[in-house]
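The values are calculated or read from the model by the stated rules, or taken from the named source; none is laboratory data. Because the structure is a prediction, the values reported are computed rather than measured. Accessible surface is based on the protein model in full, side chains and every heavy atom, while ligands, DNA and RNA are left aside. Shrake-Rupley method; radii C 1.70, N 1.55, O 1.52, S 1.80 Å.
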Amino acid sequence: MLTINPLKTRLRQGKPVYGLLNSVPGPWLAEMIGRAGYDFVILDMEHLLVSEETLRHSLQAVLLTGCTPLVRVPGVDAKLIGRLLDAGARGIVLPQADSADTVARAITACRFPPLGCRGITGGPITGFGTLPLDEYIRLANDNIMVVPMIESRAGIDALPGILALDGVDMVLEGALDLALNMGLGPSPQHPQVEQAIGQLAAQCLDAGVPFCANPRSPEQTARWRQAGITTWLAGEDRGYLFRALADRLFALRQDI
């Protein structure tokens, strides 16, 4: 059943938050991330061929831990977004957010009238009718999150308009895609990329919108801390799992 979003509450209070991108779909790992203490997990639909049934179970598993589940959607599909929110997602991450109009359409898809165009249903999200519909609508419109992901020059140029929208709760950077878009190859730590993301972060801070950093080195982490960043993406589970498996095998082979 829909309740107050703890991630959105912490962001409003200016408290530190930590998240992880879930790139290995399945409820067990999704729940494990929540049990590990992360404030939010991003379940990926942009790059993964994951079924809605698997995603629904993953959402429920995350919610049991008190962690906030967000879903990275492929694009602004109002019907898909509605089903995800009905299944328990507490918000969406919108990749390739290249214009204020695109983000505005995503916000509209996430909100019930008169603030948006989302259609209403019952079921688990309303406690099978135990949560009055007027209270459910109020909770949903106040607690569902929209998180644009800036991954291109167009997105950077559009950022002032995006930040001016009512309903943008946090902004994520996509350094790797940004580097490719800028013609720099797969170089997320290129000085030009870091400069662009630094400007992005500064605009978010000036607008009072949390900027979520995804540091790729201890030096980047230190710079973001010095800049006052308190919202963090710790990377993705796939990379950590691979390295842990490889490191364990390497350690065992040293004993032979």
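Taking all protein chains into account, the per residue accessible area for segment 181-255 stands at 61 Å² (1.4 Å probe). Whole-Hz Karplus values for segment 40-49 come out as 8, 10, 9, 7, 9, 10, 6, 10, 10, 8 Hz, taken residue by residue from phi with 6.51 cos²θ - 1.76 cosθ + 1.60 and θ = phi - 60°; glycine and proline positions read x. Taking only protein heavy atoms and a 1.4 Å probe, the accessible area of the chain is 58% carbon and sulfur. Under the rule of -39500 (n - 2.57) per DSSP H run of 4 or more residues, summed and divided by the residues of the chain, what mean residue ellipticity at 222 nm is obtained, to the nearest 500 deg cm²/dmol? That comes out to -14500 deg cm²/dmol. Normalised by residue number, the volume inside the convex hull of the Cα atoms of the chain is 138 Å³ per residue.
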